[in-house]
Every structure is written in C-alpha cells, then in structure tokens.
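**Student:** A single structure is presented below for examination.
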Amino acid sequence: MDKSLRRLCGVGLVALLLSACAGQSPITGKPAGGADPAELLNQAQRQSGADAARTRLRAADILARQGETAQALQVTRSLDAAQLPAPARRDWALLQSRLGITQEDGRSVLRATEVLDSDIPLSRDQALTLRYRRGQAQGMVGEPRAAVETLIALQRDEAPFSLNDDIWRQLTRLRGAALQDLTPRDSLTRGWVDLLTLQRRNSGDIARLFARIDQWRSRYPNHPAARRLPGDLQALRDLQGRDVRHVAVFLPESGPLAGVAKAIRQGIETRHMKALDQGEQTPQLHFYDTSRGDLQTLYAQAALAGAQVVLGPLDKDKVSQLEQGGAVPLPTLALNYGVADANQADDLFEYGLSAEDEARQAAHRASLDGHRVAGMLVPDNDWGGRVGSAFRDAWQQEGGRVAAEVRYDPQGSVSQAVQKLLATRNQHPQRHLDALFLLALPPYARQVPPMLEFYYSADLPIYATSHLYEGRPQPRQDHDLNGVQFVEIPWQIPEAAVGGADALPYHASYQALHDGSDPALFKLEAMGVDAFELARRLPLLQAAPGVEVFGATGMLSAAPDGRIHRELPWAMFVDGVPQPPLAVLDPQDAGNLSLGTDDATTSPPDGEPSPDTAPADHAAP
C-alpha cells in the first residue's frame, strides 16, 4: 500500500476517526464476538429491503473488527445501501470507504463517498474524513487532477490532515493543460503549481533547485509546503553534496546488440548536451565497450577513473550475472532485466522497456473499468508466453478470471484464433467475455477488431500493449483499430499523453531526436534519455525508493528489489489516430466505424459456452 494510504491508519488520524464516530452506537450493538457474521449473512438471505441491508452491515462491521477486511468489503459492496436509513447509511459509507482504502479498491471508496453529495447529516469530522478518502480514491483510479483538487480543497478548509505528500504525489502526475487548468486559481493552488514547475525545471541540479525553492518561499511564505516540503523534495535536500558527477556507461560497440546500444547512446548523449545547454550541473560520461571486456574488469576501470555510478550493461545475460552476486562494485542502473524472479543484488537497479509492465497495467485498467472475465490473444512464442503470464497473474490478483487464452500463430489465420477465443458456433460466440487482452504487432492487430465484429463481438473492450502501434499516426491503416485502448510511451503519443508535444518531459531532447524516420529507434532513444536521468538520480532512488520520475518512457519508479517499473499513459484509437481515452465516453463512438451490432447474442456470465440459438447467415471472410 502507498505510504500516503497507510497514513489513514496512522496515529495522526486516531483522534479524528474517533471523533468521527463519537456519539454513535456500534453498528452491531454488540462486541465483535457477540454475533457470528456467517449467521448474520444467512439471516440476511431470509430478509429483504432495509432489514437485509442492516443485517449485512452488522456482519461487515464484525468482520472488519476481526481483521477480515477483504470479506468485510465484499459484504458492504453487496448490500443495497439505498435501503438503509440515514444514520446507518452514514455508518456504511465510513466503513466501506475505510475498507476500500485498506484494500486499495478506489471504486468502492468513491461509491461510499457519494453520501457527501446527499442530504444525509454528517459531522464536520466525518465529512472531512470522507473527503480525504475520496481524494485518495480518485488518485487510485487514475484521476490525479480530481484528486489534487479534492485534496487542495481539504487543505484550504484547514482539515486536520498532513496533506502535502498526498497532494504532491498526485500533482506530479499532471502535465500541460491538466496542470494549468486546476481550479480555483487561488494562492494555495498557484503555489503548488509553481513549486512543481520549478522542480521540473531544476531537478537535475539539486543546489540550483533549492535556491529556486528559497525564492518560491519568499513569494509564498504562508503556503503549507513552505512550512514543510513534500517528502520527495525533502529527500533531495538531504542529498545535497551527493550529486552524481561521473557516470560510466557500459554498452556494446559490436555484436547483435550494437544497433540497440547505438540508439540508447544517442538518447543519453542528447539529453546530456541539452542539460548542459540549459545550465544544469551534469555528470561526466565515460563509455566502456562491453563487447571487449568482462564486467569485473570494466568495473575496476570505471572505479579507477572516478565513476560514481554505472549505466549498463545492456545484455540480459550480463544483467542476470550481476543479480546473482550479493552486491555490485558501484551503484548500477542496468539497461535490461535479469531472468530471476527478483533482483537480490544490493545497489543494482534495472530498467528497460518491459512488455510485462504493460501487460500488468492492462490488467489493472480492465479491472478498474469493472471487467471480470477476460480473454487473451498472445503469440505462440517465448515472448507471448512471458507477457501472457504477466497479464494472467496480474488479472487474477485483481480478482478477475481468464476464460480463454489463445496462443496464436503470428503468420496464421486471425479468423481461426478469434473463433477459438469466442468458442463460436455457426459464427456466433458461445463464450462470454467482458474484456480482451491483445498482444500483437500491427499487421495482426489490425485484423482483430473486424474479425470480432464478424463474429458478433464488436462491443468486446480490447486492452493492448504498445506493440500494436507503429509509432506514427496512420489513420487509413489504423482505422480498424478504432475503440482499442493501448498504452504507449509519452514521447510516441504526445497529444494523448499530455495534450501536446510542448508539455512533454525533456522537450528540447524530444525536438532534437524526433525526426519521424524510425519510431522503433526513437523509442530506444527515449529510453536513453530516461536512463541518463535515472542514473544521475540513483542516490535519490536509494534514499527515497517511492519517488517517481515522469520521463520520456512513462512514470518511472523503483520497486523494492530495484527494478524500475513504468506506468504508461493510455490512448484510444479514434478515426485511426491515438486520442486520450477519456475524450471518448463510449468506445463504440470512436470514429466512423460502428463497433456495435444489434445481432450480438447474450451469453451466460460464467465464461462457458452456451447452447447455440442463432443460425449462420453469412460466410467467414
């Protein structure tokens, strides 16, 4: 759970939470052991209306006090809160929102906090508690702007919470118009926006950053962040004097990875030069050829030359070799991931363009959208196996079920793969799915939506990785992908990601590298840009592991084992062009292609084939 979420249960909130319940009787009216939740739930089955809802609420309260938070949340979600009288509905909202925060179920929290918009009487403390939880939940479900506005409003109302870290975490996820359009534009909001702007402009030079912060403090002397900086910024202050001044870069100059290494090096050097041009204090770079020496020798040479940080190696086998040791000779940001389930080496961080990260993000997004029964289309090769496993594991952790997994031949028939996915009979689907995870390259991916439409499943939501997009707008070629949602690095989809190229991170480097010639190489150059930025921030990642860096390849953060995770922005094809998904309320409205059909049959909710009821009326293409 996020540190910001843990604070809900911290000592600082005890007084508030106790006062929020002051004057109320316990929901159950008995000690936690005075009634059996199972008996109460059985009793509720025999009841109806308000009686059933009250009995289920009593059972949920007992379960929560017994520490069975997941089961308690399941019960509060299942009861009909509209049947409860006002005092009991207030208790339900406080209970479900607390359980939802604990279980990181933002949707349940938001549903509970709807009582804020009703005429149900709440004490000030209860209302503040629910507003705080609403702000946390908005961040959890991917609505950072709404979260920032909710949390800043709490701060404006002098809520008894320590909100700076919560606000900062969500604020750092905003770019462009979403940041500039925050409302209201009072001194409190302007102070937060100005603080973030100067942090982004000066984050590479800690001394200059804090000189600018001192100037900011003189303009906003009474701002809450002037009294106590957000934790991420305070961690930077503690690192003054530990700036990375010398980076050794381990890349191959020959061999099968030489082309990849050349593109990454181009990104590293471009970002380095642009930082110098902007007056930033930048580290010296020294490149070492990993195709000519073993790692032990290269580390010794780098240490003798005064390197503080190593960037590389790129080869997966070499990274796996580093993982097997207890520690690396110098703090290292490898440019790939090892083969172990987790990295065990001290001071070793790993960063790459992981398709597995994208698959896990697709599972999370589909779950947030309310889907529970998924199908999978992944290629029948090692890559498909790895990425498919990442999606499946993440989907099951989200509480979903995979009803069909098709390992297709990339050179084979799309029609056959889709028929197998849907368990078609006489061209009609017999298996119910409410989401599809698609891992495919563009030529294959473009055939999937039309084939789903042919088999009466045009309304099946599709969640895909970045691999279905070639990296440049091609409306005529991609129009069949209308309505498909996918993740991609910000530099490849600036309009969908941040509202335009001007709001991209490291915009000067983007302009220098973006010539449109080869999107695949451009993505590797973007990786080089982020690798440079992560390398010079390694002391920060070591001191404050939860810090996030918004980069060219996504929102980057370090897992406890040092592996860098990327959170990518979402886009949806509209008229064959990637657009922000929130701009389209219904995927079926995406573009001129009608994604719906009146002929779709209704399948049972269990994901299993149902009896055939519709005749064949057209031939397969």
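The values are calculated or read from the model by the stated rules, or taken from the named source; none is laboratory data. Predicted model only: the values in this text are computed from it and were never measured. Backbone-built Cβ (ideal geometry, glycine too); neighbour counts: all protein chains shown. Side chains included, ligands, DNA and RNA excluded: accessible areas come from the protein's heavy atoms. Shrake-Rupley method; radii C 1.70, N 1.55, O 1.52, S 1.80 Å.
**Student:** What ranking do 206-216, 180-190 get when scored by the average of other Cβ atoms within 10 Å per residue, highest first?
**Tutor:** 206-216, 180-190
**Student:** For ALA327, what charge total do you get from the other residues with a beta carbon under 14 Å from its beta carbon, if Lys and Arg give +1 and Asp and Glu give -1?
**Tutor:** Net charge around ALA327: -4.
**Student:** With an 8 Å Cα cut-off and a minimum separation of 6 or more residues, compute the relative contact order for the chain in percent.
**Tutor:** Result for the chain is 11 percent.
**Student:** Another question, if that's okay. Could you derive backbone 3J(HN,Hα) for the stretch 190-206 from the dihedral phi with the Karplus parameters 6.51, -1.76 and 1.60 (θ = phi - 60°), listing whole Hz in sequence and x where the residue is Gly or Pro?
**Tutor:** Coupling constants for the stretch 190-206: 4, x, 5, 5, 5, 5, 5, 4, 5, 5, 5, 7, 10, 5, x, 10, 5 Hz.
**Student:** Okay, next question. Would you please name the trypsin sites (Lys or Arg not before Pro) within the stretch 29-135 that are DSSP coil residues with at most 15 other C-beta atoms within 10 Å of their C-beta?
**Tutor:** Those that pass, being in a loop and sparsely packed, are ARG46.
**Student:** Scale the Cα Rg of the stretch 406-517 by the rule-of-thumb value 2.2 N^0.38 Å and send over the ratio, two decimals.
**Tutor:** Against the empirical 2.2 N^0.38 Å value, I get 1.27 for the stretch 406-517.
**Student:** For the chain, state the average projected area of the convex hull of the C-alpha atoms over all orientations, rounded to one decimal in nm².
**Tutor:** For the Cα atoms of the chain, the hull's average projected area reads 30.8 nm².
**Student:** Right, next: Could you order SER48, SER466 by accessible surface area, starting with the largest, using a probe radius of 1.4 Å?
**Tutor:** SER48, SER466
**Student:** Right, something else. In vacuum, with every alpha carbon of the stretch 364-451 counted as one equal point scatterer, what does the Debye formula give for log10 I(q)/I(0) at q = 0.18 Å⁻¹? Two decimals, please.
**Tutor:** Normalising to I(0) and taking log10 leaves -0.78.
**Student:** Also, quick follow-up: Roughly how many Å² of LEU276 are accessible to a 1.4 Å probe, to the nearest 10?
**Tutor:** Spelled out: LEU276, probe radius 1.4 Å, area about 80 Å².
**Student:** Counting only protein heavy atoms, what percent of the accessible surface of the chain is carbon or sulfur at a 1.4 Å probe?
**Tutor:** Result for the chain: 48 percent of the exposed heavy-atom area is carbon or sulfur.
**Student:** Hey, what number do you get for the chain at 222 nm if only DSSP H runs of n ≥ 4 count, each worth -39500 (n - 2.57), divided across all residues, to the nearest 500?
**Tutor:** When only DSSP H runs of four or more count, the value is -13500 deg cm²/dmol.
**Student:** Subtracting the Cα-Cα distance from 0.36 nm times the residue separation, let me have the gained length for ALA327 to GLN47 in nm, one decimal.
**Tutor:** In short, 94.6 nm is gained.
**Student:** Which whole-angstrom value gives the distance between the alpha carbon centres of the stretch 335-406 and the stretch 224-303?
**Tutor:** A separation of 29 Å, based on Cα centres.
**Student:** Can you tell me how much longer the chain between GLN71 and SER123 gets when fully stretched, taken as 0.36 nm per residue apart minus their C-alpha distance, in nm with one decimal?
**Tutor:** 15.9 nm
**Student:** Full-extension gain between ASP380 and ARG292, please, as 0.36 nm times their residue separation minus the C-alpha to C-alpha distance.
**Tutor:** 28.1 nm
**Student:** Let me ask you something else. Simple spin-label model, 7 Å along Cα-to-Cβ: ARG107 to SER557 in nm?
**Tutor:** For ARG107 paired with SER557, the spin-label model returns 2.1 nm.
**Student:** If you roll a 1.4 Å probe over the heavy atoms of the protein chains, what accessible area per residue do you get for the stretch 402-474, in Å²?
**Tutor:** Accessible area per residue: 35 Å².
**Student:** In the calculated pair distance distribution of the stretch 108-220, what percentage of Cα-Cα distances lie above 24 Å?
**Tutor:** Tail of P(r) above 24 Å: 31 percent of Cα pairs.
**Student:** Here is a follow-up. In the stretch 97-191, what GluC sites (Glu not before Pro) fall in a loop by DSSP, with at most 11 other Cβ atoms inside 10 Å?
**Tutor:** Sites meeting the loop and neighbour criteria: GLU158.
**Student:** In square nanometres, what is one fourth of the surface area of the convex hull spanned by the alpha carbons of the stretch 336-484?
**Tutor:** Projected area, direction-averaged: 9.8 nm².
**Student:** Could you tally up the Lys pairs in the chain with alpha carbons closer than 20 Å? Skip any pair fewer than 8 positions apart unless they're on separate chains.
**Tutor:** 6
**Student:** Another question, if that's okay. Let me check against my output: what whole-number percent is the relative contact order of the stretch 74-186, with C-alpha pairs under 8 Å and at least 6 apart?
**Tutor:** The normalised contact order for the stretch 74-186 reaches 19 percent.
**Student:** Could you work out Rg/(2.2 N^0.38 Å) for the stretch 403-466, with Rg from alpha carbons only?
**Tutor:** Cα Rg divided by the expected 2.2 N^0.38 Å: 1.01.
**Student:** Here's a follow-up. Quick check for you: with a 1.4 Å probe and neighbouring chains kept, what is the accessible area per residue of the stretch 203-316, in Å²?
**Tutor:** The answer is 47 Å² per residue.
**Student:** May I ask you to rank THR102, THR129 by accessible area, largest first, using a 1.4 Å probe over the protein chains only?
**Tutor:** Per-residue accessible area, sorted high to low, gives THR102, THR129.
**Student:** Once you keep just the Cα pairs under 8 angstrom separated by 6 or more residues, what percentage relative contact order results for the stretch 145-250?
**Tutor:** In percent, rounded to a whole number, it is 26.
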